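**Q** Structure below; questions to follow.
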Amino acid sequence: MNSCRELLIDHAECFAIQVLKMQNICMNKKIFSWALYDWANSVFYTTVMAGFFPIFFKKYWSSEDSVILSTERLGWVLAISGFMLAILAPTLGVISDKRRGKKKLLFATMLMGVICTMGLYFVPVGGWATAAFLYGTGLFMASASVVFNDAMLPSVCDEKDYGFVSSLGYSLGYLGGGVLFAVNVVMYLKPELFGISDGAQAVKISFLTVGVWWFVFTLPLMKNVPEPETQLSKKSVKDLTLETFQELKSTFLDIFRNSNRNLFYFVVGYWFYIDGVYTVMSMAVDFGMALGFESSDLIKALLITQFVGFPSSYLFGVLSRKVSSQYLILFCLGIYFVTIIAASQMTEAWHFYGLATIIGLSQGGVQALSRSLFAQLAPPHKSGEYFGFFNMLGKFASVLGPVLVALFARYTQDSRQTILSLLILIVIGSYFLFKVKLNPKS
């Protein structure tokens, strides 16, 4: 009896120590300011990418066209944006390393993303081409800024805290994105409360609020997070760009050589599974509209995803201290597999609500733990270069998902079959991730 009591006391003390340590990490100004960038830029992915842009693109900017054609167009916009980032991410990563320019490049890409997002306010009815250009460019800039933010993770905390700090960022992202999105949804559903003429005008104003939010909450990072220490180079941007291809070749060989099989398996697995995850995120509303659901129901479901994702991301960060990040990611991918099959059978709005809740439980875990797992595997002194390569592969893969959706939409003319195509990516990604062999602490 006494031994059981002592064991319980020991576990309680260990738990209390862990809670206090996590609290200290959260109170660290540098770490919190870094994590706050997820709070800042997540509003683009919630209000714009996942929420209002697919609705407005179908009903406002492509109102004269069929739902299948607008789905195909949206798929190609996402694919082109992802392809451009895939081409440029390694160059941006190397330049940020050699010029100590991670913060400057983050600020520059953030600012361009803000301008493009706010520019959507001025696009008239039927202007799908202009809207697609601004959205694609804004998505490129948002994703590029994340490359530089991710590359700063090894410089803001110790390796043992990567999982928790990365999950802290994603949890703040879900909360921040959800807070602004909730306000934007109320503006859309009840525009008269804000003195706005109608829902369409409310959506356009929402694009402005995203730009302001994104800009303002980036400032703490610019003030409190120091530029990571790296070896300076006085070479010109042109020379650095040429050098990038040599370093990219070296990075490629380093990752894919036989002595580094774990990094190889992880990168290939990530390449496939994150494609399926991001395609679900970016086209869920478009898919629901193609099935005939009301836009208001889809928007409410997205809100559920955001607010479920907030505590879920944080919880996965806590669990990553006790359970391998690899197994936690595999668990989340299993949830995605079941959810995609269930989504193809949806007939009622409440089905969408239920699936949104399930996705919210796993989405943040996949993103945060993938980022921290890669940070554990990559050399810290080449974080920009490796994260550039990491994002290049991820973005090349994010080309495949939207292309699959676009092609299935054109040739099957069946929205339910388009979503099932993503199972291929989840299965292949899970297979390669399962092959990764990590140390117990990972």
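**Q** Does the range 299-360 come out rounded, prolate or oblate by the C-alpha gyration tensor, with a ≥ b ≥ c the root eigenvalues, rounded set by a/c under 1.5 and, if not, prolate when a/b is larger than b/c and oblate if not? Mind dumping the intermediate values first?
**A** Details: a/c = 4.80, a/b = 1.65, b/c = 2.92.
Verdict is oblate for the range 299-360.
**Q** Highest mean first, what order results for 102-113, 41-52 on Cβ atoms within 10 Å? Could you put the intermediate results ahead of the total?
**A** Numbers: 102-113: 20.5, 41-52: 26.7.
By packing density, highest mean first, the sequence is 41-52, 102-113.
**Q** Sticking with this structure for a sec: I need the peptides 34-40, 120-126, 426-432 ranked by packing, meaning the mean over residues of other C-beta atoms within 10 angstrom, with the highest value on top.
**A** On the way: 34-40: 25.4, 120-126: 15.1, 426-432: 18.7.
Going from most to least packed, we get 34-40, 426-432, 120-126.
**Q** Fully extended, how many nm does the chain gain between Val186 and Thr347 (0.36 nm per residue separation, minus their Cα-Cα distance)? Don't skip to the answer; put the middle values down first.
**A** Values: separation 161, 0.36 × 161 = 57.96 nm, distance 2.57 nm.
Gain in length upon complete extension: 55.4 nm.
**Q** Still on this structure, I have one more. Packing-wise, with mean Cβ within 10 Å as the measure, how do 176-187, 196-207 rank, highest first?
**A** The peptides rank, most packed first, as 176-187, 196-207.
**Q** Of the listed pairs Lys29/Lys435; Lys160/Lys435; Lys104/Lys249; Lys29/Lys104, which have alpha-carbon separations greater than 31 Å here? Spell out each step's value before the answer.
**A** Numbers: Lys29/Lys435 38 Å; Lys160/Lys435 22 Å; Lys104/Lys249 26 Å; Lys29/Lys104 20 Å.
Going by Cα-Cα distance, Lys29/Lys435 fall outside the 31 Å limit.
Here, each number is a calculation from the coordinates, and none is a lab measurement. What you are looking at is a predicted structure, and each value in this text was computed from that prediction instead of being measured. Heads up, the Cβs are rebuilt from the backbone with ideal geometry, glycines too, and the neighbour counts pull from every protein chain shown.
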